[in-house]
Amino acid sequence: NAEGVKIDGYLEMLDNQRIQLGTGDDLHIYTDGSDSLIKHNGDGALRIYSGNAESIKCTEAGATHVFHNGSEKITTSATGATLTGTLTITALPTSDPSAAGALWNDSGTVKVSAG
C-alpha cells in the first residue's frame, strides 16, 4: 500500500539472509549464524540513536565517535583514541603485574608496569 508494509508479529529470516535498505543497498542487517552484523556500504556515516540522542557514529574514514547524552566522549583515529571527560578504572591489581604496559594501583596512584 502507499504507507508501506506492516507486519503484525515478527519477520523470521534464516542465517545469511539479509535485510538490505537504500537505493544502492547502503545498509545490510543480518546474522551469519555466529555473529549479528550491521554493515554500512553507503556514503556518509552509520549513526545509532537512543531516543533522540546520537549514541554512536561510524564514519567512512574509519573513525568511531561515542556520545553520552549528545556529548562526544570517545573518538577513535588511525593513531589511537581520545577520551573527553573522566576515566574511572576499577579492579586494578595492587601490585606490579610485571607485564610491560599493564596498569596497576600503587596506594591510589595509577602506574604503568615496565615489564
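The values are calculated or read from the model by the stated rules, or taken from the named source; none is laboratory data. Everything numeric in this text was worked out from a predicted model, so none of it was measured. Here Cβ is always computed from backbone atoms with ideal geometry, including for glycine, and neighbour counts include all displayed protein chains. We work out accessible area using only protein heavy atoms, side chains counted, and drop any ligands, DNA or RNA first. Shrake-Rupley method; radii C 1.70, N 1.55, O 1.52, S 1.80 Å.
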*asked:* With +1 assigned to the C-beta of every Lys and Arg and -1 to the C-beta of every Asp and Glu, and no other charges, what is the dipole magnitude of the range 1-84 about the Cα centre in debye, to the nearest 20?
replied: 300 debye
*Can you run phi through the Karplus equation (6.51, -1.76, 1.60; θ = phi - 60°) for the range 55-64 and list ³J(HN,Hα) in whole Hz, with x for Gly and Pro?*
9, 9, 10, 10, 9, 4, 6, x, 6, 10
*Taking a probe of 1.4 Å, how large is the accessible area per residue of the chain, in Å²?*
78 Å²
*First check a/c for the range 47-115, with a ≥ b ≥ c the square roots of the eigenvalues of its C-alpha gyration tensor; if it is under 1.5, answer rounded, and if not, answer prolate when a/b is larger than b/c or oblate otherwise.*
prolate
*Considering only LEU103, GLY44, THR64, whose Cα is most displaced toward the positive end of the charge dipole of the chain, charges sitting on Cβ of Lys, Arg (+1) and Asp, Glu (-1)?*
LEU103
*In whole percent, how big is the carbon plus sulfur part of the accessible area of the chain, probe 1.4 Å, protein atoms only?*
50 percent
*Once you wrap a convex hull around the alpha carbon atoms of the chain, what is its projected area averaged over all directions, in nm²?*
12.3 nm²
*Under a cut-off of 21 Å between alpha-carbon atoms, report the lysines in cross-link reach of LYS73, not counting same-chain residues fewer than 8 places apart.*
LYS57
*If Lys and Arg each add +1 and Asp and Glu each add -1, what is the summed charge of the other residues whose beta carbon sits under 13 Å from the beta carbon of ASP96?*
0
